[in-house]
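Accompanying notes for the structure given below.
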Amino acid sequence: MHCTERHMLHTRKRFSGFWLPVLVLAIAASVAFGQAVPAPEKFFGHPVGAEKKLARWDKIVEYLQLVAKGSDRVLFQEIGKSTQNHPFVLMVISSPANLKNIDHFKSINRRLFDPRTIASEEEARALIREAKLFLLVTCSMHATEVGATQMSIEAVHRLASEHSPEILSILDQVVFLLVPSLNPDGQIMVTDWYNKNLGTPSENAPLPWLYHPYVGHDNNRDAYMFTQKETQLMGRILYQDWLPAVWLDEHQMGSAGPRIFVMPAMDPINPNVDPVIYRNAGLLGFAQAAALERAGKEGIIYGDMYTYWWEGAMAWCGWWHNMVGMLTEVASARVATAVEQQKADPSQPRTPPPPEERMRGAQQEEGRPLPPPYDVQSRSAYPRPWLGGRWSLRDIVDYELIATFGLLEAGANLRAQLLEGLYMAGKRQIEMGKKGDPFAIVVRQDQADRPTVVKLIQTLARGGLEIHQAQDSFTADGANYPAGTYVLLMAQPFRAYAKDLLEPQVYPKISLAPGVPPRAPYDVAGWSLGMQMGVETVFVKKPFETRLVRLQAIEMPPGQVSGKGSAYFMSHEPNNSLVAVNRLLKAGYDSWLTEKVTIGGKDYAPGGIVVRGGKDLGSTMASIAKSLGIDAVAANVPNLRAMRLRVPRTALYQPWGGNMDEGWTRWLLEQNEFAYTTIHPEDVRRGDLLKSFDAVLFPDMGVNQILNGATARSMPEQYKGGIEEAGVKNLRGFVEGGGSLITLGQSTGLVIDKFAAPFRDGVRGVKREDFFCPGSILRVLVDTTHPIAYGMKEEANAYFTNSMVLEPMPSFATMQSSIVARYPNADILKSGWLQGESYLVNKVGIAEVKLGKGRMVLLPLRVQHRAQPYGTFKLLFNAILTSAAY
Ligand SMILES: [Zn+2]
């Protein structure tokens, strides 16, 4: 909305119509607008970043609205609501003239992003001359990294009220898009927790729960999967509505080392990204660093810690969209409390800690200053090292303000060059796509788990990809595809994104010197989404022609009910079949998992679902099939060799202090309509679990963490402690009495260490040089006759990230144990990085161990990791469902 109109509405109440024209003239002058914007200090009652002061999200929103009301340079937009229903805000800041024509500039920007809409180089040049640079800054994705959100208050105020030539040039050349908080829920949680404990012995206590309602610190890892509301809203801003050419995501890091990281990042680069993106990220990062050096700031580093390899960390995702994705990481205080660090003596070199430790950063213990910084060697990437001292929230805000304005200034000055880079990158992507290899990526709809196929396509569409659908059957690279097949033509601007997200990752082997082993990735190395989701995606090399329709929305095709009879049969292959089971059980229908069933002369794979009896079953099945996109067959099924299901009573363990895997699991259970109860360490210590639960689920966490819980000295008493030996005893009683203990990831160590499960972890204690596999996709062989593997294929892709490897012990033969999935004897790595394949050959990935009347399900492979590997969700779902079967 344009501001003058708002002022008219606003003033009409107070003044008679006679004065109106005079007032409109008066407020049209920008000086009048400037005066209408309150200074932050006046509004919040303290300067931004003042010691131990945090502005809370509701007040920040109120302030930003006030600024927008008082300034014709600022628009306030509530894009939607966060998970916990707080406003998710986008500020649009530019000159009044630009904002008046914002739709025009949006359409020019959109055309530069899509060179297919530009007829000639001449036209491109003309558009670039006229265009504005859309530059996005996103703040405080990780909610304890509070600085950027606080900084945004001052940044908006300056842009709304200052008249310097630098500010006017920014406003003229740039359309500044600002998301003041990527995680409003977390901002509120952290602010309230901090204020509550201020001045008490718990002043430095960590939050006892995740600072995003479901995914905590992992919220940036949702960047291409779009599972969470906030990521979905960002997807709309990024790839549908605004298309920023430059995108800076402002984070914070540990407290003990450099003060700020700026771009460029370090090797390896990702081969699918256009080189101009790396160069422009470097250019803009250097502009930020230079602005900080001009201001005399210390401890500015580039080319360290963060690599250019990985998809899935928010702004990183911009690179595959021809956007210049940028990162700043500023050293942290303790939320809003300053930290002290001992001074280093550069003449006394000390051995630096390993990189993982540096990434984590040292924590200051109460009352004692941090040890002095290690990295004090002056060099081109770090000319004026930080040597220690005091570091406060205001320091963070200052660094971020300079970094933000340094970027805006460089954006204004380099506007034309940056836009040319954007245009050329898009143009080259389209030319490569036309040439082929790949020409297209095709995805058949008629795969075993059709709803998951559709979900994959929906996820790709959220990332801004163009999706076509074949209207007829066709042939490509010699293979036939039916009508309805999804086609991603590679001649589209975001070709790199589609290709990178769907192809197998091959992590570059970079050695620092001949004979030195290649450097291993520090984080996720493989993400191939088709593999993770169990959906076949085919890269077609040669150009082909067929009738295609561009899809505007990706709908779930309704499932069908066919046949005649009193019972209904569903395949176990679609994940949604288990959602259907949950609905049917809840509605009171009898449901069975069959070992073997023949319907209409056709034999079905083990795990087929049969539902019988009850009123309105026909219409219930019809509506379930329709909404979930799964097919059902009505038949008379006289004899069943089957397991009867009940609604499983599931407990999900939640440690105090928060656990991201718990959050993801909770989200996944809710999405798939599994009921659950959250339990805490004290519930396990108390015992009597069998009375209330059929299954107890432990998320990925170490055994020590399970046993000892939150140990921070400052943690309030009620959140301290783990399950302890009493809890172990209770869990054993639970299993022996008939319960199912399901362990995800590292928590499998609990049943190995404490319940003598007949396995050992084959990679425990193995040196990193010998075995290392962070975030990669591996091939496993599955026993599909095992109820935990019902609905799976005999060969599957599973996610491995520093997981345990189960090696059967001699006691394996005597205990009632079964292997659900094992590694083959060769070609194990499908995507990512695997050092030391021999450690996996023929070893066990997933197992079941009986104990007394109950059992333990060992899922060290990350079957539901970050809610991405749809292809292995069933292993968890089956473990839960069968815990209540009889
Ligand atoms: Zn962060």
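You can think of it this way: the chain between Ser164 and Arg547 has 132.2 nm of extra reach, that is 0.36 nm per residue less the Cα-Cα gap.
Annotation for the stretch 433-467: trypsin sites (Lys or Arg not before Pro) lying in DSSP loop with at most 15 further Cβ atoms inside 10 Å of their Cβ do not exist. Does anyone have the angle between helix 102-113 and the longest principal axis of the chain? Alpha-carbon axes, 0 to 90°, nearest 10? Roughly 60 degrees between the two axes. Net charge of the neighbourhood of Val215, taken over other residues with C-beta under 14 Å away and scored Lys/Arg +1, Asp/Glu -1, is -4. For the stretch 480-612, the percent of C-alpha pairs falling in each 5 Å distance bin, counted from 0 to the bin holding the largest distance, reads 2, 7, 11, 13, 12, 11, 11, 11, 9, 6, 3, 2, 1, 0, 0.
Working note: 222 nm ellipticity from helices only, DSSP H runs with n ≥ 4, each -39,500 (n - 2.57), summed and divided by the residues of the chain, gives -10000 deg cm²/dmol to the nearest 500. Evaluating 6.51 cos²θ - 1.76 cosθ + 1.60 at θ = phi - 60° for every residue in the stretch 538-546, the Karplus couplings come out as 10, 7, 8, 7, 8, x, 9, 10, 6 Hz, glycine and proline recorded as x.
Sparse packing (at most 16 other Cβ atoms within 10 Å of the Cβ) combined with a DSSP loop state is found for the following trypsin sites (Lys or Arg not before Pro) in the stretch 791-832: Lys793. So how far, in whole Å, is the C-alpha centre of the stretch 862-886 from the one of the stretch 314-337? Rounded to whole Å, the Cα centres lie 33 Å apart.
Any idea what diffusion coefficient the chain gets from Stokes-Einstein, in µm²/s, Kirkwood Rh on alpha carbon pairs, 37 °C, 0.692 mPa s? In µm²/s, the coefficient rounds to 111. In a solvent-free Debye calculation with one equal scatterer on each Cα, what is log10 I(q)/I(0) for the stretch 656-696 at q = 0.16, 0.28 Å⁻¹, listed in the order of the q values? These q points yield log10 I(q)/I(0) values of -0.49, -1.07. To the nearest ten degrees, helix 450-462 and the longest principal axis of the Cα atoms of the chain are 10 degrees apart. Spin-label model, Arg129 to Ser562: label points 7 Å out along the Cα-to-beta-carbon direction sit 6.3 nm apart. Stretching Ala290 away from Ser838 to a fully extended chain increases their span by 192.4 nm, per 0.36 nm per residue minus the current alpha-carbon distance.
Cα centroid separation, the stretch 572-607 to the stretch 105-169: 53 Å. Note on the chain: antiparallel DSSP beta bridges, both residues inside, total approximately 60 percent of the bridges counted. Residues whose amide H comes within less than 5 Å of that of Ala634, counting only those at least five positions distant or on another chain, are Ser562, Gly563, Lys564, Phe569 (H built at 1.01 Å from N in the peptide plane). Remark: the stretch 492-544 carries a charge dipole of roughly 240 debye about the Cα centre, counting +1 on each Lys and Arg Cβ and -1 on each Asp and Glu Cβ. What the phi angles of the stretch 864-880 give under the Karplus curve with 6.51, -1.76 and 1.60, with θ = phi - 60°, is a coupling list of 10, 3, 6, 6, 9, x, 3, x, 10, 3, 4, 4, 6, 4, 5, 4, 5 Hz, glycine and proline written as x.
For the residue pairs Lys691/Lys850; Lys564/Lys586; Lys229/Lys509, the alpha carbons lie more than 30 Å apart in Lys229/Lys509.
Each residue of the stretch 730-741 was assigned a 3J(HN,Hα) from its phi angle through the Karplus expression (A = 6.51, B = -1.76, C = 1.60, θ = phi - 60°), giving 5, 5, 4, x, 4, 5, 4, x, x, x, 10, 9 Hz with x at Gly and Pro. Note on Lys499: aspartates and glutamates with a C-alpha under 17 Å away, same-chain residues under 8 apart excluded, are Asp274, Glu311, Glu431, Asp437, Glu466, Glu536.
No lab work stands behind these numbers, since they all come straight from the coordinates. Keep in mind it's a predicted model, so treat the numbers as computed, not measured. All Cβ positions, glycine included, derive from the backbone under ideal geometry; neighbour counts span all protein chains shown.
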